[in-house]
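The structure appears right after this line, and notes come after that.
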Amino acid sequence: QVQLVESGGGLVQPGGSLRLSCAASGSIFRVNVMGWYRHAPGKERDLVATITRGGYTSYADSVKGRFTISRDNAKNTMYLQMNSLKPEDTAVYYCNADYLRSAWDDRTLEVWGQGTLVTVSS
């Protein structure tokens with residue numbers, strides 16, 4: 001029943017911006033760490049950014065200063081604001097979340113979204 005749904009991908013010119021969203025739904029008591037990954041053609045899936053429930057963030061060197069990760073805990077939603085986009089940012093972007101499913105179960109579970117395509121091209 002638990003799922004993540006990404007949205008906001010599309011085609012954008014170099015130097016442009018996009019804002020991705022990732023909404024968690026289902027039997028979730030609390031979402032802990034969330035993150036964005038991307039998978040470019042012919043390359044391995046890479047971590048883009050992470051954010052804790054308290055708002056602590058980290059970024060890959062390739063996107064630092066251009067991308068901003070954020071979240072709304074009340075809505076169980078995470079965002080990725082992407083500015084100054086480059087052709088090498090072209091990839092399928094996936095969101096990931098670690099979560100607790102109930103107040104009486106302290107096991108951390110993991111869920112992945114289906115991905116949203118970002119294409120940066122003239």
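Out of (1) at pLDDT 95 or above; (2) not in a loop (DSSP other than H, G, I, E, B), the odd one out for residue 74 is which?
(1)
Of the residues in the stretch 19-52, how many are within 14 Å of residue 68 (Cα to Cα), in a strand (DSSP E or B) and either among the hydroxyl-bearing types (Ser, Thr, Tyr) or open to solvent by 30 Å² or more (accessible area, probe 1.4 Å) (or both)?
Summing the residues that are within 14 Å of residue 68 (Cα to Cα), in a strand (DSSP E or B) and either among the hydroxyl-bearing types (Ser, Thr, Tyr) or open to solvent by 30 Å² or more (accessible area, probe 1.4 Å) (or both) in the stretch 19-52 gives 5.
Take the residues in the stretch 82-97 that are open to solvent by 50 Å² or more (accessible area, probe 1.4 Å) and not in a loop (DSSP other than H, G, I, E, B), then tell me which one is nearest to residue 114 (Cα to Cα).
Looking at residues that are open to solvent by 50 Å² or more (accessible area, probe 1.4 Å) and not in a loop (DSSP other than H, G, I, E, B), I get 94.
Checking the structure you have, find out if any residue of the stretch 61-68 is acidic (Asp, Glu), outside any strand (DSSP E or B), farther than 18 Å from residue 19 by Cα and open to solvent by 70 Å² or more (accessible area, probe 1.4 Å).
Scanning the stretch 61-68 turns up at least one residue that is acidic (Asp, Glu), outside any strand (DSSP E or B), farther than 18 Å from residue 19 by Cα and open to solvent by 70 Å² or more (accessible area, probe 1.4 Å).
Going through 74, 91 one at a time, which residue ends up being over 11 Å from the mean Cα position of the chain (by Cα), among the small types (Gly, Ala, Ser) and under 15 Å from residue 7 (Cα atoms)?
Answer to the selection: 91.
Given (1) at pLDDT 95 or above; (2) more than 10 Å from the chain's Cα centre (by Cα); (3) under 13 Å from residue 90 (Cα atoms), identify the lone condition not met by residue 41.
(1)
The values are calculated or read from the model by the stated rules, or taken from the named source; none is laboratory data. Not measured: the values here are computed from a predicted model. For accessibility, only protein heavy atoms count, side chains too; no ligands or nucleic acids. Shrake-Rupley method; radii C 1.70, N 1.55, O 1.52, S 1.80 Å.
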